[in-house]
2 protein chains.
Amino acid sequence: MEALGSSPLFAGLAREALAAVLTAAHERTVEDGETAFREGEPADSFCVVAAGRLKLTQVGPEGHEVILRFVGPGEAAAALAAFDGTTYPATAAAVGATQVLVWSRAELQALLGRHPVLALNLLRLLSERLREVQERFRELATERVARRIARALVRLVRQAGRKVEEGVLIDMPLSRQTLAEMTGATLFTVSRTLSEWEAQGIIRSGRERVVIARPHALVAIAEDLPPAGEVKSSK
Amino acid sequence: MEALGSSPLFAGLAREALAAVLTAAHERTVEDGETAFREGEPADSFCVVAAGRLKLTQVGPEGHEVILRFVGPGEAAAALAAFDGTTYPATAAAVGATQVLVWSRAELQALLGRHPVLALNLLRLLSERLREVQERFRELATERVARRIARALVRLVRQAGRKVEEGVLIDMPLSRQTLAEMTGATLFTVSRTLSEWEAQGIIRSGRERVVIARPHALVAIAEDLPPAGEVKSSK
DNA sequence: CTGCCTCTTTGCGCTGGCGCAACGACGCCG
DNA sequence: CGGCGTCGTTGCGCCAGCGCAAAGAGGCAG
């Protein structure tokens, strides 16, 4: 809860304004695997994750599932739903038991009127989201699978990386299937690619668990710096 | 110019407020093929198209180009740049001579403070953008090329469709290459697909010109209603 | 009318990545 | 500690879509 105050979402709010905003929220716990809201439902509330993580997904007509992003503590989900307010564009499932703060659309609108800085913060937030999705869109359209997987891992490290002795652990359950849905590939291709990287010593992986042993090598694949990864060449 | 007043961007503004906002803008003409701004440049202004059209593109490391969207009269470009304000995430090239209104970041910020409803309008705008990009992202990840092309055409009809006797003309120069960059395909595949549809009487096409003869057949491909298109079955 | 330039078509070969099946490994629960 | 359910791996075949080359087809300028 205290972490929320320092979230960019609430930056610039006076202490008492922040308190007012937070008390207007309704708290809720979503169990592992349960959903906070579902794609297509009428969008009537705005969520911020207090603790835990949400997985935002969309499904295609044939049932193919795609992961848009993960939402960590202090981040907002369904930011858009609250404005063009028709239906949720994605489903939000909890990864592990997750605490969320919920505001109804009406409450949110009122708060936006009362604290204009909130609107600016939200604008910035949506801008960043848009920027990121556009970039991923370009990647999906122009880059090969291996590179997309590498990028996905790099992003995950940024969001949920934890230093361990073997390297950097991605601190959440991460199956091949999940990576596949993040990158627009199949779980088979992901598995093969990770096996290869493991053979090259770039990563170590286990059941729903990935540790990046040589992050710069992964970045090299993601960015296509002179492709190969070498053990101790500098630069 | 008069059209701008009714743009959703400026909805809810009093007449004199609207006038104030518009006079704060700097007007500019961008010639066909010239750019209003380029990807990677420091983002210092916010644009609204008054007349003509902008094409927003991104390029990948290998030079592969991707078209994010077209921006028509009354629509905003670089909405995000004005907030997280680092660099433009895309290049905006004019399609035909195009008039744009430009506000500097500072001006925009000032206007947002003075007319809070503007901020809400922008939030709604960004929300819709985000929703659309996310949907296209899912399509790119899960659907075949033919369907993506069909969807692109359907969207273009909505944005620039004009009724002509043969059907609905997409009223802008539209090459195979352009369609390819919109759908993450190659110009060859697009050409082949369109040829096939032309043989089936769904479209008629020429040099940089596409007319949709049987729109519902195209929609059937885009949504995957029982696939085939038939000439006069209802429903 | 002629030439040129750009856009389009089509054939052909190739391959990245999918799709499935079978098997193997891990972890949990009783 | 044995069974089972989930997740991961790997071999094999296949095909959608790419990549290129070569040949049309408009359109525009002079």
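Throughout, read-outs are computed from the coordinates displayed, never taken from laboratory work. Quick caveat, the model's predicted, so the values are computed rather than measured. With ideal geometry, Cβ positions are generated from the backbone for all residues, glycine too; neighbour counts draw on all protein chains shown.
Between B:E31 and B:H64, the FRET efficiency from the beta-carbon distance, with R0 = 25 Å, is close to 0.45. For the stretch B:2-140, the relative contact order comes to 33 percent (Cα pairs under 8 Å, sequence separation of at least 6). Taking amide H as placed 1.01 Å from N in the peptide plane, the amide H of B:L68 sits under 5 Å from that of B:L56, B:T57, B:Q58, each at least 5 places away or on another chain.
Remark on the stretch B:99-161: hydrodynamic radius 14.4 angstrom, per the Kirkwood mean of 1/r across alpha carbon pairs. Between the alpha-carbon centres of the stretch B:8-56 and the stretch A:180-221 there is a gap of 44 Å. Taking amide H positions as modeled 1.01 Å from N, with prolines and chain starts lacking one, the residues under 5 Å from B:A51 and 5 or more places away or on another chain are B:Q99. Net charge dipole, chain A: roughly 700 debye, given to the nearest 20, about the Cα centre with Cβ charges of +1 for Lys and Arg and -1 for Asp and Glu. So what is the diffusion coefficient of the protein assembly as shown in µm² per second by Stokes-Einstein at 4 °C and 1.567 mPa s, using a Kirkwood Rh over Cα pairs? Translational diffusion coefficient: 54 µm²/s.
Between the amide H of B:R209 and those of B:L174, distances stay under 5 Å, these residues lying 5 or more places away or on another chain, with hydrogens modeled in the peptide plane. Per-residue shielding of A:211-222, expressed as the average number of other chain Cβ atoms within 10 Å of the residue Cβ, stands at 0. In the calculated pair-distance distribution of the stretch A:2-140, the portion above 22 angstrom amounts to 36 percent of the Cα-Cα pairs. With neighbour counts taken as other beta-carbon atoms within 10 Å, the residues A:W197, B:W103 rank, fewest first, as B:W103, A:W197. Can you tell me the FRET efficiency between A:Q109 and B:Q159 if r is taken as the Cβ-Cβ distance and R0 is 41 Å, rounded to the nearest 0.05? According to the calculation, E is roughly 0.90.
Distances between copies at A:D224, taken between label points 7 Å from Cα along the C-beta direction, are 3.0 nm in increasing order.
When each of the peptides B:185-196, B:15-26, B:46-57 is scored by the mean number of other C-beta atoms lying within 10 Å of its residues, the order from highest to lowest reads B:46-57, B:185-196, B:15-26.
For the stretch B:144-223, the calculated P(r) over all alpha carbon pairs, in 10 Å bins from 0 to the bin holding the longest distance, is 21, 62, 17, 0 percent. Dividing the mean sequence gap of close Cα pairs (under 8 Å, 6+ apart) by how many residues chain A holds gives a relative contact order of 18 percent.
Scaling the Cα radius of gyration of the stretch B:75-193 by the globular reference 2.2 N^0.38 Å produces a ratio of 1.29.
Take the Cα radius of gyration of the stretch B:1-63 and divide it by 2.2 N^0.38 Å, N being the number of residues; the result is 1.39. Only DSSP H runs of four or more residues enter the estimate; each adds -39500 (n - 2.57), and after division by the residues of the protein assembly as shown the mean residue ellipticity at 222 nm equals -13000 deg cm²/dmol.
Taking the Cα centre of the stretch A:104-235 as reference, the dipole from Cβ charges on Lys and Arg (+1) and Asp and Glu (-1) amounts to some 180 debye. Across peptide A:81-89, the mean count of Cβ atoms from other chains lying within 10 Å of each residue's own Cβ comes to 4.
Rounded to the nearest 20 debye, the dipole size of the protein assembly as shown about its Cα centre is 400 debye, using +1 on the Cβ of Lys and Arg and -1 on the Cβ of Asp and Glu.
Working value for chain B: equivalent-ellipsoid semi-axes of 35, 19, 17 Å, each the square root of 5 times a Cα gyration tensor eigenvalue, largest first.
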